[in-house]
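Data block below; observations after.
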């Protein structure tokens, strides 16, 4: 298993599954966002406090490989790594995997790039916002 | 404006916006999926009928550039093109844009690859499923 | 058909349906909220503008009868009536129905009570906020 | 604190909050459904297995009092009681509360009536389906 900066265990909820009986493709972005925000918490940071201070973290690019679909009741992990690729851009590598036969099996593989904007959607001028991450 | 195979007009609903007052990054995948399914309808095909016949259309890869965030009340278009990149793989190019000052302004740019599986998540053997699309 | 103050036509989107192939019970609240906000628009009012002015419309009570489930592709109407039941409480009666054989068939019947709060969750002191509705 | 049949601890996720910074009114129905399904699990039953056997549990009535809004990061409990009010109707009483100053504070109070239908939306003929609950 890779060496993640942060690992979160979650479980599929039935309302997240669609007619096909699998987790809808959009819901994985909820899982990924939630694990990024929990990672912030672990660092002592808080998404909604940033919003109150007029600092918005905005996703600007995602690339996701859906290898296997999660289903009702599946327990899974979101593993997270991140690096600063410019003063105002963070790149997250996020894997969603289940443990099967005592081994991690990769279900989803994601790259997410996040930037910081003010409340008007302009890139922040002060560029030390990601220094703590 | 590009020459799309299909164009759908939609409007942001307030419950789709998050604390930051912008459409949440996951919701765009709902918009994109809905416009693909409406495109199927236009061809006389129907997502839920396929499901009843044990044929699942599953997203296996997405790449999305979020250029500008949609906000409460925004009206927008989803433009769609698609091509068969293998017997069992369809590649959709989908743009989300608003009309501003009589010109289209690109908000989101997406590539989505979809395949067809049976109800057990195995790739379909019969590979003429996308012939009509 | 009842004499509604406002009527909105909508269509079920596939991602709103759950494993059972029917619209998930929570999604109807999205439909109802969206039609209330479109009703505000018709009156020249705007939910997100109120939020910017630190006035939050908050649902405090709902009663919903689910008579028949909506399914993939269904087109339906949300009919809305409302009355002020106190200076700071609006009661909405909202019906969701489909047209079948040229007659409206009731699918969902809802009573929703909404109040107005400041950003700290305190009831507004100025109680003329609903005068325009 | 009341004597619940089942208690589930959950946490607000940021994508569940709307422009007002509070959990959207529809999302509470997700919480309530998820806790009912986890309660079934505790009894050795499984919502998605029922669906595979063409038995759908369908919500037919809800009454919800929203007393205080949940916000980003709030941890809360869903307490659940239930009783069979007819061979094919289960009534759930579900409370959502937070622990504040070592005491439970009620945020949401819900009554949910659920019935069992076949895949065509007809009430089940065999009426022992809820005997195990």
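Bear in mind these aren't lab numbers, they're just calculated from the coordinates by the rules spelled out. The model shown is predicted, which means the values in this text are computed figures rather than measured ones. Cβ placement follows ideal geometry from the backbone for every residue including glycine, while neighbour counts extend to all protein chains displayed.
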Practice task
Run through every distinct alpha carbon pair of the protein assembly as shown and return the Kirkwood hydrodynamic radius in angstroms, one decimal place.
Solution key: 24.4 Å
Handout entry: Efficiency of FRET from Cβ geometry, residue C:119 and residue A:120, R₀ 22 Å, rounded to 0.05
Key = 0.70
Exercise for the section: Let me know the shape class of the stretch C:67-133, please: from the alpha-carbon gyration tensor, a ≥ b ≥ c as square roots of the eigenvalues, rounded when a/c is under 1.5, otherwise prolate if a/b is greater than b/c, or oblate. Expected result: prolate
Completion exercise
GNM on chain B, Cα springs under 10 Å; top mean-square fluctuation among B:72, B:35, B:49 goes to B:49
Exercise for the section: Give me the Debye-computed log₁₀ of I(q)/I(0) at q = 0.11 Å⁻¹ for chain A, equal point scatterers on Cα only, no solvent, two decimals. Expected result: -0.42
Problem - FRET E, pair residue C:86, residue D:7, Förster distance 41 Å, beta-carbon r, rounded to 0.05 - result: 0.70
Fill in the blank from the handout: Shortest first and in nm, the label-point separations between residue B:125 and its counterparts in the other identical copies (7 Å out along Cα→Cβ) come to 3.6, 6.7, 7.6
Exercise for the section: Would you kindly work out, in nm and rounded to one decimal, the distances from the label point of residue D:71 to those of the same position in each other copy, ordered shortest first, with label points 7 Å along Cα-to-Cβ? Expected result: 2.4, 4.2, 4.5
Practice task
Enter the Cα centre distance for the pair the stretch B:1-69 and the stretch C:93-133, rounded to the nearest angstrom.
Solution key: 28 Å
Exercise for the section: Quantify how strongly other chains surround peptide D:66-78 by giving the mean number of their Cβ atoms within 10 Å of each of its Cβ atoms. Expected result: 3
Problem - Residue of C:77, C:97, C:50 that the Gaussian network model of chain C assigns the largest fluctuation, springs spanning Cα pairs under 10 Å - result: C:50
Fill in the blank from the handout: With only helices counted (DSSP H, runs n ≥ 4, each -39500 (n - 2.57)), the per-residue ellipticity at 222 nm for the protein assembly as shown, to the nearest 500, works out to -5000 deg cm²/dmol
Handout entry: Residues B:17, D:82, sorted so that the one with the fewest Cβ neighbours within 10 Å comes first
Key = D:82, B:17
Problem - Choice from B:53, B:41, B:24 with maximal GNM fluctuation in chain B (Cα, 10 Å cutoff) - result: B:53
Completion exercise
Between the Cα axis of helix D:27-42 and the main Cα principal axis of chain D, the angle (0 to 90°, nearest 10) is 50 degrees
Handout entry: Calculated label separations, residue A:52, copies of the chain, 7 Å along the beta-carbon direction, nm
Key = 2.3, 4.7, 5.2
Problem - Projected label distance in nm at residue A:93 and residue D:101, using a 7 Å step from Cα toward the beta-carbon - result: 5.0 nm
